[in-house]
Amino acid sequence: MFTVLLISGIAGVLIFLFLFLFVIAAIAYLRFSDKRYDGNIHLKYFTEKDFPGIRAEPVSFLSDQGQILRGFLYSAVDSSKGLVVFVHGFGAGHHAYMTEIAFLVGCGFLVLAYDGSGCVLSDGVMRGFEQGPFDLAAALRFASTDVRLCDFERIVLVGHSWGAFTVMNSLETDARIAGGVAMCGFVSAAEAMGQTGCPKFRPLSLLLSVFFRWSNRLRFGKEGNKNSISSLCNTEKKVLLLYGKKDGTVSYKYNGARVAQAVRNRKNIKFISYENKGHNVYLSERAESYMNGEFVRRLSLAKKQKIKAADLLADVDYSLLTEEDPAVMEEIGRFCFSCFEDEKSV
């Protein structure tokens, strides 16, 4: 009798734990997905007007659910060295990366940059991280038909964070893709959400990720739950991976370090980690320090004390906030050139 009661009690606890985790995961998923992400209205986002010599032509195309994605085709006087498709990270749209886009244009590349579903310029809602590859596929279809882009036989993908996840899992979707640059991308969308929901207790974050995988499967079908390591190990395309070991957004331990181990013998993949960098590896160390220190402090203060954010952010040093690391950007530029140089040698 005691044994039966003990087994029943354990079963009851397990069922309660399962339901508790399910509810927590469902709440977390709903708080994150099916929403719009339009950046911070109190911040300045650069445009092509802030960079002399850069032209921007508006573009739009349909993604998988019929939603219109919008962006721009960025160019300079001579943008004939190759086509780069830029994929932004979570939240603010591609204008949050205008300094990096301007650098690529300055290298002589034509850059197609768009806002993902539910982000800033584009229609719809952000359905989940797995939406990224669908939107990039739509951008590549557009590039294959647009008269300004269809003659480019090779394309290089460049992405950061969510955009890096998208790039790593899209390398084999189009024969024209010659290579990809992925900065601080996560291995799995479900695991990334689990790590965000419970960053300090790995077992619980893994349990939560199980529920997120189910949600992704229900929402995105067989195309859900892509794995960046599997995708990287199944491509012969050239890839440049950049990670910061102090990344507090996409844990280096559970993402970058795992990727590094998996691709260590892949001759087509170059992996670089930076000891003193965090999530924004393309920025200088002092820019990241300013962003994660003074800038975040002001945002937190505005939220806690209910002070108008515009007042606290009025004198933000945007030149420092967007200061690039020249060595990192030159590495990216060289990689892109190498992808297009390979075309000439064929």
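Could you identify the single residue in VAL281, VAL263 that is buried (at least 17 other Cβ atoms within 10 Å of the Cβ), over 21 Å from HIS88 (Cα atoms) and modelled with pLDDT of 90 or more?
Just one listed residue meets the conditions, VAL263.
Quick check on segment 98-148: of everything there that is part of a helix (DSSP H, G or I) and of a type in the set (Phe, Trp, Tyr), which residue is nearest to LEU171 (Cα to Cα)?
PHE134
Would segment 42-59 turn up any residue that is hydroxyl-bearing (Ser, Thr, Tyr) and farther than 30 Å from VAL296 by Cα?
no
With respect to PHE271, is the statement that it is closer than 30 Å to ALA190 by Cα, modelled with pLDDT under 95 and among the hydrophobic types (A, V, I, L, M, F, W, C) true?
Considered against the rule, which asks whether it is closer than 30 Å to ALA190 by Cα, modelled with pLDDT under 95 and among the hydrophobic types (A, V, I, L, M, F, W, C), PHE271 comes out as no.
Would you point out the residue of segment 128-160, among those that are in contact with a Ser or Thr (Cβ under 8 Å, 6 or more places away or on another chain), modelled with pLDDT of 95 or more and open to solvent by less than 10 Å² (accessible area, probe 1.4 Å), that is farthest from VAL84 (Cα to Cα)?
Top of the filtered list is GLN131.
Of the residues LYS226, LYS270, LYS245, which is under 21 Å from the mean Cα position of the chain (by Cα) and open to solvent by less than 50 Å² (accessible area, probe 1.4 Å)?
Being under 21 Å from the mean Cα position of the chain (by Cα) and open to solvent by less than 50 Å² (accessible area, probe 1.4 Å) holds for just one of LYS226, LYS270, LYS245, which is LYS226.
Just need a number here: residues in segment 295-340 that are at pLDDT below 85 and part of a helix (DSSP H, G or I).
Number of matching residues: 16.
Pick from segment 284-294 the residues that are among the hydroxyl-bearing types (Ser, Thr, Tyr) and open to solvent by less than 50 Å² (accessible area, probe 1.4 Å): which of them is modelled with the highest pLDDT?
In this case the residue turns out to be SER284.
Go through segment 58-97 and give me each residue that's surrounded by fewer than 23 Cβ atoms within 10 Å (Cβ to Cβ), over 19 Å from GLY118 (Cα atoms) and in contact (Cβ under 8 Å) with a residue 40 or more places away in the chain.
LEU73, LYS81 - these are the residues of segment 58-97 that are surrounded by fewer than 23 Cβ atoms within 10 Å (Cβ to Cβ), over 19 Å from GLY118 (Cα atoms) and in contact (Cβ under 8 Å) with a residue 40 or more places away in the chain.
Could you say whether any residue in segment 25-32 is of a type in the set (A, V, I, L, M), under 23 Å from VAL250 (Cα atoms), surrounded by fewer than 17 Cβ atoms within 10 Å (Cβ to Cβ) and touching a residue at least 24 places away in the same chain (Cβ under 8 Å)?
There is at least one residue in segment 25-32 that is of a type in the set (A, V, I, L, M), under 23 Å from VAL250 (Cα atoms), surrounded by fewer than 17 Cβ atoms within 10 Å (Cβ to Cβ) and touching a residue at least 24 places away in the same chain (Cβ under 8 Å).
Go through (1) part of a helix (DSSP H, G or I); (2) over 28 Å from GLY108 (Cβ atoms) and name the single condition ASN265 misses.
(1)
What single numbered condition from (1) closer than 30 Å to ASP151 by Cβ; (2) assigned to a helix (DSSP H, G or I); (3) without any contact (Cβ under 8 Å) to a residue 40 or more places away in the chain fails to hold for GLU236?
(2)
Among the residues of segment 242-258, count how many are touching a helix residue (DSSP H, G or I) at 6+ places or on another chain (Cβ under 6 Å) and modelled with pLDDT of 95 or more.
2
Here are some conditions: (1) open to solvent by 30 Å² or more (accessible area, probe 1.4 Å); (2) free of Cβ contacts under 8 Å to residues at least 60 places away in the same chain; (3) not β-branched (Val, Ile, Thr). GLY108 meets all but one. Which one does it not meet?
Among (1) open to solvent by 30 Å² or more (accessible area, probe 1.4 Å); (2) free of Cβ contacts under 8 Å to residues at least 60 places away in the same chain; (3) not β-branched (Val, Ile, Thr), the lone unmet condition for GLY108 is (1).
Could you list, ordered by first residue, the pairs with Cβ atoms under 6 Å in which the first is in segment 281-297 and in contact (Cβ under 8 Å) with a residue 12 or more places away in the chain and the second is open to solvent by 60 Å² or more (accessible area, probe 1.4 Å) and not hydrophobic (A, V, I, L, M, F, W, C), at least 6 apart or interchain?
Between residues of segment 281-297 that are in contact (Cβ under 8 Å) with a residue 12 or more places away in the chain and residues that are open to solvent by 60 Å² or more (accessible area, probe 1.4 Å) and not hydrophobic (A, V, I, L, M, F, W, C), the close pairs are GLU285/ASN276.
Within the group CYS119, CYS107, which residue is under 18 Å from the mean Cα position of the chain (by Cα) and at pLDDT 95 or above?
None of the other options fit; the residue is CYS119.
So for segment 31-41 (the condition being assigned to a loop (DSSP other than H, G, I, E, B), more than 24 Å from THR196 (Cβ to Cβ) and touching a strand residue (DSSP E or B) at 6+ places or on another chain (Cβ under 7 Å)), does at least one residue qualify?
Looking through segment 31-41, none of the residues is assigned to a loop (DSSP other than H, G, I, E, B), more than 24 Å from THR196 (Cβ to Cβ) and touching a strand residue (DSSP E or B) at 6+ places or on another chain (Cβ under 7 Å).
The values are calculated or read from the model by the stated rules, or taken from the named source; none is laboratory data. A quick note: this is a predicted structure, and the numbers were derived from the prediction, not measured. Every residue, glycine among them, receives a Cβ derived from its backbone with ideal geometry; neighbour counts consider all protein chains shown. Note: accessible area is taken over every heavy atom of the protein model, side chains too, but ligands, DNA and RNA are not part of it. Shrake-Rupley method; radii C 1.70, N 1.55, O 1.52, S 1.80 Å.
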